[in-house]
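First comes the structure, then the notes that go with it.
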Amino acid sequence: MEPELITRERLTEWADEWDRLATRADAGARDGELVAADPSRSQYTRMCAARAAQIARGHAREYRAEALIMRDGDVPEPYWHIYTTEAEIL
């Protein structure tokens, strides 16, 4: 499969969406942290919530890192096989 040419404009749109996803992941992490800190919950529930919050924070970091790459006009590495910004590659 040949990579598809992607425009700077499209990358910027994606970067905006990735920022929105990061915000949602942070909100999910906050919810998990609240449950993890709730003494009325079982220890198991608190442990699961704490782990889910960690995962959500990691996702938020990844989304933001990829958004920065896109804003710089590049395609993040996980998508190299699908998209390119270099017309001469096609």
Only listed residue being in a loop (DSSP other than H, G, I, E, B) and either touching a His at 6+ places or on another chain (Cβ under 8 Å) or modelled with pLDDT of 90 or more (or both), chosen from Arg41, Arg46, Arg61, Arg51: Arg41
Within the stretch 20-77, restricting attention to residues that are among the hydroxyl-bearing types (Ser, Thr, Tyr) and over 25 Å from Glu4 (Cβ atoms), which residue is nearest to the chain's Cα centre (by Cα)? Thr23
Can you name the residue in the stretch 32-61 that is under 30 Å from Glu17 (Cβ atoms) and either of a type in the set (Lys, Arg) or in contact with a Phe, Trp or Tyr (Cβ under 7 Å, 6 or more places away or on another chain) (or both) and is also least open to solvent (accessible area, probe 1.4 Å) among such residues? Arg57
For the stretch 18-52 the number of residues that are within 30 Å of Arg71 (Cβ to Cβ) and hydroxyl-bearing (Ser, Thr, Tyr) is 1
What's the number of the only condition in (1) in a helix (DSSP H, G or I); (2) surrounded by fewer than 16 Cβ atoms within 10 Å (Cβ to Cβ) that Ala67 fails to meet? (2)
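The values are calculated or read from the model by the stated rules, or taken from the named source; none is laboratory data. What you see is a predicted model, and the numbers here were worked out from it, not measured in a lab. Quick reminder, even Gly has a Cβ in these numbers, built from the backbone with ideal geometry, and neighbours come from all protein chains shown. Please note that ligands, DNA and RNA were not included when accessible areas were found on the heavy atoms of the full protein model with its side chains. Shrake-Rupley method; radii C 1.70, N 1.55, O 1.52, S 1.80 Å.
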